[in-house]
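Step one of this worksheet: look at the structure below.
Read the figures in this text as sums done on the coordinates, not as results from a lab. Please read these numbers as outputs of a predicted model, since none were measured by experiment. Glycine also receives a Cβ, built like all others from the backbone with ideal geometry; neighbour counts cover every protein chain displayed.
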Amino acid sequence: MNFHTRKWIKPEDLNPNGSLFGGRLLSWIDEEAVIYAIVQLGNPHVVTKYISEINFVSSAKQGDIIEMGITATHFGTTSITMRCEVRNKITRKTILSIDKLVFVNLDKDGNPVPHGKTEITYAYMSIDSYPDKQ
Ligand SMILES: CC(C)(COP(=O)(O)OP(=O)(O)OC[C@H]1O[C@@H](n2cnc3c(N)ncnc32)[C@H](O)[C@@H]1OP(=O)(O)O)[C@@H](O)C(=O)NCCC(=O)NCCS
């Protein structure tokens, strides 16, 4: 799993207990996952469908640097399933893990549409290759 996006935990990211607010972290993960799915499926019209159990393994505190990793585990007909792990960049201690995040590929009317992908691609896909840009 590649860990690309890093975040520096700031005061506005904390809960009243003084540690990283779970809702803030989930928002970052949702965005990270949809960007991953858009790049993999080559379509900007992708939505979150399902997120499995979320395991908040350990907390993060102000000043910590964390990094988020996402990897595709299954390519369905209209969906893509991913796994997520968040860890402390310095100590490598796991902060959170999610086994399944399912995103669905949509057409311009918002209906599920086959994406035709079967495996992870690493090639850069330009915006010109998106279906509604042609
Ligand atoms: C995404 C949406 C269009 C899918 O509609 P739907 O009627 O469930 O569509 P389908 O039944 O054809 O399922 C689409 C895909 O999702 C998968 N799926 C559906 N329900 C699922 C679930 N509970 N868990 C995992 N995958 C699921 C299906 O297996 C299918 O994948 P596949 O084609 O690869 O086999 C619709 O559910 C929707 O608009 N949801 C809201 C999305 C949204 O707003 N997200 C942001 C949340 S704030």
To the nearest 0.05, the calculated FRET efficiency linking residue 77 and residue 52 through their beta-carbon distance, R0 being 25 Å, is 0.80
When 68, 1 are arranged by how many other beta-carbons sit within 10 Å of their Cβ, fewest first, they go 1, 68
In deg cm²/dmol, rounded to the nearest 500, the helical mean residue ellipticity at 222 nm of the chain, built from -39500 (n - 2.57) for every DSSP H run of length 4 or more, is -5000 deg cm²/dmol
When 58, 19 are ranked with the fewest other C-beta atoms within 10 Å first, the list becomes 58, 19
Using alpha carbon positions and the Kirkwood radius, the Rg to Rh ratio of the range 31-83 is 1.04
Once both label points are put 7 Å beyond Cα along the C-beta direction, the residue 17-residue 97 separation in nm becomes 2.0
Listed with the fewest Cβ neighbours within 10 Å leading, 122, 50 appear as 122, 50
tail above 22 Å in the computed P(r) of the range 1-109, as % of all Cα-Cα pairs, reads 32
With R₀ set to 35 angstrom, the calculated FRET efficiency between the beta-carbons of residue 65 and residue 119, to the nearest 0.05, is 0.65
Net charge near residue 83 (other residues with Cβ under 11 Å of its Cβ; Lys, Arg +1; Asp, Glu -1) is -1
If every Lys and Arg gets +1 and every Asp and Glu gets -1 at its Cβ, then about the Cα centre the range 3-116 yields a dipole, in debye to the nearest 20, of 380
Relative to the chain, whose Cα atoms define the longest principal axis, helix 22-41 and its Cα axis are tilted in degrees, nearest 10, by 30
